[in-house]
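*Asks:* What follows is a single structure, and I will ask about it in a moment.
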Amino acid sequence: MKDQEPNDILYPEQYELYENGQSLIKPHTRRRFFTLLGGGVAAAFTFSDVLSREVLSSLDLQELREAEDSIAAWLHVHEDGKVTVYTGKVEVGQNIRTSLAQAVAEELECDVHSIEMIMGDTFLTPYDRGTFGSRTTPYMAPQLRKAAASLRVYFEQSAAKQWKTDVKNVKAQKGSILNTRSGRSVSYGRLSEGRKLLHPVNEEVSLKSASDWKVAGSSIPKINGEDFVTGRHIYTSDMTLPDMLHGKLLRPPAYGARLVNLDARRAEAMSGVQVHRIGDFVGVTAADISTAESALFALRAEWEFTQQPSRSEIFQHLKKHASVSGEEDASKKAAETMFQQSANKLEQSFEIHYIAHAPLEPRAALAQWDGDILNVWTGTQRPFGVQEELEREFNISKEKIRVRMPDTGSGYGGKHTGDAAIEAARLAKSAGKPVKLVWTREEEFTWAYFRPAGLIEVRSSTDTTGHLQSWEFHNYNSGGAGIRSMYRSKADHTRFHSSNSPLRQGSYRALATPANTFARESQINDHAILLKEDPLSFRLKNLEDPRLKHVLQVAADTFGWKSSKKENTGYGLACCFDKGGYMATCAEVQYNAENKEVKVIKLVGAFDCGTIVNPKHLESQIMGCMLQGLGFSLYEYIDFRDGKILNPSFSHYKIPRFQDMPDIKIVMVDRKDEPAAGAGETPITCVAPAIRNAIFDATKEKINRLPMLVKGL
Amino acid sequence: MELKVNGKNQSLDVPAHTPLLQALRESLQLTGTKYGCGEGACGACMVLVDGTPTPSCITPVSNVRNREVITIEGISVNGKLHAVQKAFLAEEALQCGYCTPGMIISAVALLNKNPEPTESQIKEAMQRNVCRCCVYPYIVKAIQTASKMK
């Protein structure tokens, strides 16, 4: 399939995927989804929750053979006209439940509110690698679009056949096919009767162009919004099952600590408490959380500690343990030679601290062993990945593991693993009852993986006319995403060096692109200043991509880049291209010389991600990105010493709050002639360098560190 | 333990020190009130106690005896959304929605006390509530919108 997700775009900093042995994801497959129980029976079994069994009566087994491309894998129209859509993508607040429904409604010509989205259920939805990398909009939406358009064409043909008229005399509208000659119409529900679902998706079906969109492209409100404002929505952490127990886990007091002795007698003596020990894994269960917590508290554990690097030495540590490669490359020598020959040289390094995702809903899972079926509900961005982790953990076949993902209290790249699911399933197996496990905030801040810390060294040069000559860029540990410079230079040597992280690390929204962009855009800014050139003109001169130049210009114009500054204020800007999206950000900061405090006054973001699918939700993603980015720009970092996390709470780990909000303006560049790219990540990339450059402008101080405003780091 | 929650008298068999959050979620199945931090620092567990927004995760259930507790489930009456709830929908003042019940509780308390708050009063009153998706400007807008609806 043309729009199938590429398999080769994993970045080194997606450590959590490698850690679980899942870096090489099977190219599979919706075929397995249909064939796992054999032919038509599979479809009946798989769809039994939501579809009528009459579906089976008309199954065409020839078509079923190619079921991975069948409409039924993605869409079903019920007899009452309701439409069910199946996707392995999941909802964590990015509002794809809404945007994907819009895509289907647009092509199928039906009411968006007649659509029910089944998302991230390993028994019901086609295989999906996970909801990350801004891929839902560029890959899943076209897939559903094609399925919906194929189904519409099928309905048009069926109706035309019934009416013995040419297909050009019929027209799909509002969930029905209209005979434009006779004025008669027949509903999709009547036409489907639950049959013919396994018609193949036509890969060549013509799709509407964005300029003809009516439902897609508009600001349809979050389709299940009312469930959230009333508190009715059931997150994993809200779920219960009959006889369910609550679980709590004994965690080591520090990284690298090993359990050497456990006295569980006091806990075991407590009424209704069970202590579960599987190797070093120790947990307790009880009928209520308070009792489970008391039991956990009653465990007497002895630990053996190992020496662990601390935050104060992290950057030396990462550099010391880095893999060195490319030292002998021709590109390295060329960059070096060019650097030495250039008129204006600039060399500096940047420190990026570990940060936490801190999703407001901590990791949670509910596990139930039902005969030989393992049912798990968990908040994860990779339900099928969790299914694979459970398969390995319990050595049972995937077909017996059902992972479901209720709309979850956010992820930001932090919920790619099945930790809570495995832990809950272990406890449930040992207890013989369903177990729910909700991580505490402290566990979330300690044992979830972090955005990697990193050291970035940049050496670059320009000629006397302000054109970049050499560009040498080394990233130690933080990651390879967004590492390539968009600026033209005569010699470029760019390398990522993996290292040995003392803390568990992994994906974070936009991966390492914010870190690499921070270093690159700071360096570019400083080159301009060195040459006494305007940072905007310097960028426009050294960039090639017209879309990137355009967002830069739009952001600068909206911001008033050329406007005169108030006293003690500074302006900064930055731009980035990543994952199909073009972002530029301008910042205004105010410097108070007396107490040496810096305040972000204003942010302006301009973003082009091609065709806009839902303007309000796009703006919301840009807004969320820019303001979340404010946190790691200014004050978010994980502090640790001797393997212990020192600030594992919201009272010690500062995140953006209401009173931290600057004035913010967002401009969305709608390019109906370009395909829609994802938007949940790229807008986060430019906040930090824009602010850093504004601080430099105001104070002449270069703060080459994230976070910038924490003293003494 | 005798409690009055969302206008109904409830009798709970839980120890006095049980956090109100757990009593609501486990004993009364009122799961709209969320756990976020356990230290009263994020606002996900906010409920109204005699009209005052209160973090239920650090409030022992014995503290609310003979007091009026309102949770998010008690904000809409007979299925009719409160102005603040309508405004949150109208302004799309949420992404993942996990902070939303606590946000709405704090906003309702603010508007009951001060029906026409300024922007800075809104930010000050809401400072204890965290939206990690960071749609703060939409939440401020929603509270202003709700203020006009009343």
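*Asks:* Within the range B:62-101, how many residues are at positive phi and at pLDDT 95 or above?
*Replies:* Adding up the residues that qualify gives 2.
*Asks:* Let me ask another. Starting from the range A:160-189, take each residue that is assigned by TED's automatic domain parsing to the domain that holds A:Ile115 and list its partners that are of a type in the set (Asp, Glu) and open to solvent by 80 Å² or more (accessible area, probe 1.4 Å), counting only C-beta distances under 6 angstrom and pairs at least six apart or across chains.
*Replies:* Once the first residue is assigned by TED's automatic domain parsing to the domain that holds A:Ile115 and sits in the range A:160-189, its partners that are of a type in the set (Asp, Glu) and open to solvent by 80 Å² or more (accessible area, probe 1.4 Å) give A:Gly189/A:Glu79; A:Gly189/A:Asp80.
*Asks:* If you don't mind, there's one more thing I want to ask. Name the one entry in A:Thr462, A:Thr446, A:Thr494 that is β-branched (Val, Ile, Thr) and within 14 Å of chain B (Cβ to nearest Cβ).
*Replies:* A:Thr446
*Asks:* Within the range A:644-670, can you find the residues that are within 12 Å of chain B (Cβ to nearest Cβ) and in contact with a His (Cβ under 8 Å, 6 or more places away or on another chain)?
*Replies:* Correct list: empty.
*Asks:* Test B:Ala23 against the stated conditions and say whether it is open to solvent by less than 20 Å² (accessible area, probe 1.4 Å), within 11 Å of another protein chain (Cβ to nearest Cβ) and in a loop (DSSP other than H, G, I, E, B).
*Replies:* no
*Asks:* Which of (1) assigned to a loop (DSSP other than H, G, I, E, B); (2) open to solvent by 40 Å² or more (accessible area, probe 1.4 Å); (3) more than 9 Å from every other protein chain (Cβ to nearest Cβ) does A:Ile601 not meet, given it meets every other one?
*Replies:* With (1) assigned to a loop (DSSP other than H, G, I, E, B); (2) open to solvent by 40 Å² or more (accessible area, probe 1.4 Å); (3) more than 9 Å from every other protein chain (Cβ to nearest Cβ) applied to A:Ile601, the lone miss is (1).
*Asks:* Being touching a Ser or Thr at 6+ places or on another chain (Cβ under 7 Å), surrounded by fewer than 19 Cβ atoms within 10 Å (Cβ to Cβ) and either away from chain A (no Cβ under 11 Å) or more than 21 Å from A:Glu293 (Cβ to Cβ) (or both) is the requirement here; does B:Ala16 meet it?
*Replies:* yes
*Asks:* Taking A:Ile422 as meeting all but one of (1) in a helix (DSSP H, G or I); (2) open to solvent by 10 Å² or more (accessible area, probe 1.4 Å); (3) in contact (Cβ under 8 Å) with a residue 60 or more places away in the chain, write down the number of the exception.
*Replies:* (3)
*Asks:* Oh, and also: Which of the numbered conditions does A:Gln348 fail, given that it passes all the others? Conditions: (1) under 19 Å from A:Arg520 (Cα atoms); (2) part of a helix (DSSP H, G or I); (3) more than 30 Å from the chain's Cα centre (by Cα).
*Replies:* Of everything listed in (1) under 19 Å from A:Arg520 (Cα atoms); (2) part of a helix (DSSP H, G or I); (3) more than 30 Å from the chain's Cα centre (by Cα), A:Gln348 misses just condition (2).
*Asks:* Next question. Quickly run through the range A:257-288 and pick out the residues that are outside any strand (DSSP E or B) and open to solvent by 40 Å² or more (accessible area, probe 1.4 Å).
*Replies:* Those that are outside any strand (DSSP E or B) and open to solvent by 40 Å² or more (accessible area, probe 1.4 Å): A:Arg265, A:Arg266, A:Glu268, A:Ala269, A:Met270, A:Ser271, A:Gly272, A:Gly279, A:Asp280, A:Ala287, A:Asp288.
*Asks:* Same structure again: Would you call A:Ala453 buried (at least 24 other Cβ atoms within 10 Å of the Cβ), within 19 Å of A:Gln387 (Cα to Cα) and of a type in the set (A, V, I, L, M)?
*Replies:* No; evaluated as a whole, the condition is false for this residue.
*Asks:* Which of (1) away from chain B (no Cβ under 11 Å); (2) within 18 Å of the chain's Cα centre (by Cα) is the odd one out, the single condition A:Leu634 does not satisfy?
*Replies:* A:Leu634 satisfies all of (1) away from chain B (no Cβ under 11 Å); (2) within 18 Å of the chain's Cα centre (by Cα) except (2).
*Asks:* Moving on to the next point. List the helices (runs of 4 or more DSSP H) inside the range B:86-150, counting only whole elements, that have at least 3 residues being within 11 Å of another protein chain (Cβ to nearest Cβ), within 29 Å of A:Ser218 (Cα to Cα) and touching a helix residue (DSSP H, G or I) at 6+ places or on another chain (Cβ under 8 Å).
*Replies:* In the range B:86-150, the matching helices (runs of 4 or more DSSP H) lie at B:100-113, B:136-149.
*Asks:* Hey, another quick one. Within the bounds of the range A:226-233, is there any residue that is assigned to a loop (DSSP other than H, G, I, E, B), open to solvent by 20 Å² or more (accessible area, probe 1.4 Å) and in contact with a helix residue (DSSP H, G or I) (Cβ under 9 Å, 6 or more places away or on another chain)?
*Replies:* Within the range A:226-233 (the criterion being assigned to a loop (DSSP other than H, G, I, E, B), open to solvent by 20 Å² or more (accessible area, probe 1.4 Å) and in contact with a helix residue (DSSP H, G or I) (Cβ under 9 Å, 6 or more places away or on another chain)), the answer is yes, since at least one residue qualifies.
*Asks:* Let me ask something additional. Consider B:Ile104 carefully, then state whether it is within 22 Å of B:Leu20 (Cα to Cα), surrounded by fewer than 18 Cβ atoms within 10 Å (Cβ to Cβ) and at pLDDT 95 or above.
*Replies:* When the stated conditions are applied, B:Ile104 does not pass them.
*Asks:* While we're on this one: From the residues in the range A:208-219 that are open to solvent by less than 70 Å² (accessible area, probe 1.4 Å) and out of contact with any Ser or Thr (no Cβ under 6 Å at 6 or more places or on another chain), which one is nearest to the other protein chains (Cβ to nearest Cβ)?
*Replies:* That would be A:Ser219.
The values are calculated or read from the model by the stated rules, or taken from the named source; none is laboratory data. Quick caveat: nothing in here was measured; it's all calculated off a predicted structure. Neighbour counts run over all protein chains shown; Cβ positions are idealised from the backbone, glycine included. Keep in mind that these areas ignore ligands, DNA and RNA; they rest on the heavy atoms of the full protein, side chains included. Shrake-Rupley method; radii C 1.70, N 1.55, O 1.52, S 1.80 Å.
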